[in-house]
Amino acid sequence: MLFLLVIFVIGFIFLQYKKQARDNIFGLKVGGSYVSVEVADEPQEWLQGLSGRKFLAEGAGMLFIFPFSEIQTFWNKNTFLPLDVVWIQDEEIVGYSFLPAQIEGSEPVMVRSPAPVNRVLEVGAGWMELNLIKPGDRVYWP
């Protein structure tokens, strides 16, 4: 009986963990295209971002949600992937920047938003051009 109880508790914890991880990923419509995003809405997640990753699936990215609008600065420290950094104010794209992968031994590169923004989307480099996304396009989320 104790064995069944232990199995039940472990299963419950595992399912809760999977649910929590799944709740942090959702579909985002950018212009006429869709991207699956992980949400970064806590300071610890903002600092980590996509740094350290060596792979990003096609059509995937990370959406940073900030509590207020301000000029945002992103850098490529420990970032192994070239990225498009999309600057978003509320539901409108105000611009985007190319952020190269950091080359070992080089100084980090920084990019800044052209205006105050409260959201930033990181996707694989070239995604914006491939999907014909431009400033002024709308961003929709659930």
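Each reported figure results from applying straightforward, stated rules to the coordinates on display, with no laboratory input. Since we're looking at a predicted model, the values are computed, not measured. Note that we place each Cβ from the backbone using ideal geometry, even for glycine, and neighbour counts take in every protein chain shown.
Summary of computed values
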item: HN-Hα J in Hz across the range 130-135 - Karplus 6.51, -1.76, 1.60, θ = phi - 60°, x for Gly and Pro; result: 4, 9, 6, 8, 9, x
item: Label-point gap, in nm, between R112 and E70 - each point 7 angstrom along Cα→Cβ; result: 1.4
item: Spacing of the two label points (7 Å from each Cα toward its C-beta) at E42 and E104, in nm; result: 3.3
item: Radius ratio Rg over Rh of the range 57-142, counting only Cα atoms, Kirkwood formula for Rh; result: 0.96
item: Label-point separation, Q89 to K77 (7 Å along Cα→Cβ), nm; result: 2.8
item: Rel. contact order, % - alpha carbon contacts under 8 angstrom, at least six apart, the range 25-140; result: 30
item: Residues F66, F74, F26 arranged by fewest to most Cβ contacts within 10 Å; result: F26, F66, F74
item: Antiparallel bridge percentage (DSSP; both residues within the range 13-142; nearest 5); result: 85
